[in-house]
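These notes are about the structure you will find just below.
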Amino acid sequence: MRAVALLSGGLDSVVATAAACQQHEVILALTCDYGQHAVRQEIAAAQYIARSLGIEHTVIALSWLAEITQSGLVAGAEDIPQATNKSLDDPDTAQAVAQAVWVPNRNGIFLNIAAAYCEVLDCTGIVAGFNAEEGASFSDNTPEFAQAAEACFAYSTRRGVHVIAPTVNLDKTEIVGLGYEIGAPLHRVWSCYRDGEEHCWNCTSCLRLKRALEQAGRWEQWQEQRRATGAA
C-alpha cells in the first residue's frame, strides 16, 4: 500500500512510521505546525527521521488552529501541566492533563489533511502513531477513532483511505521495544511538550517516554545514542 505518514517526531509516530515502512511504501511524511511550543524540535526530529527512512518530508502550516485553541501546548508555557511518575496512571490526573493539552479536533484535522495528500499522490493509507496508553485519556488515539475515520473516508475520498496504526494496541513500553526491534531511529525522537535544547522531563509526555525507556531497559542506551549523535 502506498501511504502518507503523520510524523510529529515523537515516539509513537516514529515507531509507527518505521513499522509501516516494512510493509508499505511510505512516500511522504507530514509534520503539522499548529503553533505548539515544541514545533521547532518536532520539525527537526521529523526531518531527521524522514531522511533516515528515505521519505520525503513536508511541514503543514496551520496558523488558524493556533489562533482558536487555548490548549497549554499552544498558549503560555506555564499552562503545560507537570506530572510525576505516580500520577501517570491516575485516571483523574490523566483526564486533567488531557483537558489541559487538548487541541480542538487535532487528530481529525491531521487525518483529513493526510487524506487529501493521499488522493493527489495516489495513496490509500495514512500512517498514524495512535497508542493504547494515551488512548485511555484521548479518544482520538483509539482503534474506534481510526475505524470511524476510515468510514468517513469511504465517502470523502474517491477510492477510500485506510488508517495504518501499527502501535494502536501497544503501550509506550511495548512501542519502545518494537522500535528497537525494527531499528527505528529512536534516539532522535522529540516527545517533550516544551521547546528546549533537551527534554524537560517533568511534563506528562516526557515522563511517559522516560518510563517506557526504563521499563524496556533502554534508558541508558537511548541517552548514550543521543550524546553520540549530537542530539543531546
### Message
Let me confirm something: among Gly35, Gly9, which residue is crowded, with 21+ Cβ neighbours inside 10 Å and either part of a loop (DSSP other than H, G, I, E, B) or among the acidic types (Asp, Glu) (or both)?
### Response
Gly9
### Task
Quick one: Glu25 ticks every box in (1) of a type in the set (D, E, K, R); (2) closer than 23 Å to Leu178 by Cβ; (3) free of Cβ contacts under 8 Å to residues at least 12 places away in the same chain except a single one, so which number is it?
(3)
### Query
Inside region 38-121, counting only helices (runs of 4 or more DSSP H) that do not spill past its ends, which hold 2 or more residues that are modelled with pLDDT under 95?
63-68, 91-101
### Summary
Counting only residues in region 192-229 that are part of a loop (DSSP other than H, G, I, E, B), in contact with a Ser or Thr (Cβ under 8 Å, 6 or more places away or on another chain) and in contact (Cβ under 8 Å) with a residue 40 or more places away in the chain, the one surrounded by the most Cβ atoms within 10 Å (Cβ to Cβ) is identified as Tyr193
### Selection from region 125-158 of residues that are of a type in the set (S, T, N, Q) and either assigned to a helix (DSSP H, G or I) or free of Cβ contacts under 8 Å to residues at least 12 places away in the same chain (or both)
Ser139, Asn141, Gln147, Ser156
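Looking at the structure I just gave you, is Gly9 at positive phi and either among the aliphatic types (A, V, I, L, M) or touching a strand residue (DSSP E or B) at 6+ places or on another chain (Cβ under 8 Å) (or both)?
Numbers: at positive phi: yes; either among the aliphatic types (A, V, I, L, M) or touching a strand residue (DSSP E or B) at 6+ places or on another chain (Cβ under 8 Å) (or both): yes.
The answer is yes for Gly9.
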### Summary
Of the conditions (1) assigned to a helix (DSSP H, G or I); (2) in contact with a strand residue (DSSP E or B) (Cβ under 8 Å, 6 or more places away or on another chain); (3) without any contact (Cβ under 8 Å) to a residue 60 or more places away in the chain, the single one that Thr17 does not satisfy is (3)
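The values are calculated or read from the model by the stated rules, or taken from the named source; none is laboratory data. Here the structure is a predicted model, which is why all the values come from computation and not from measurement. Please note: Cβ atoms are built from the backbone with ideal geometry, for glycine as well, and neighbour counts cover all protein chains shown.
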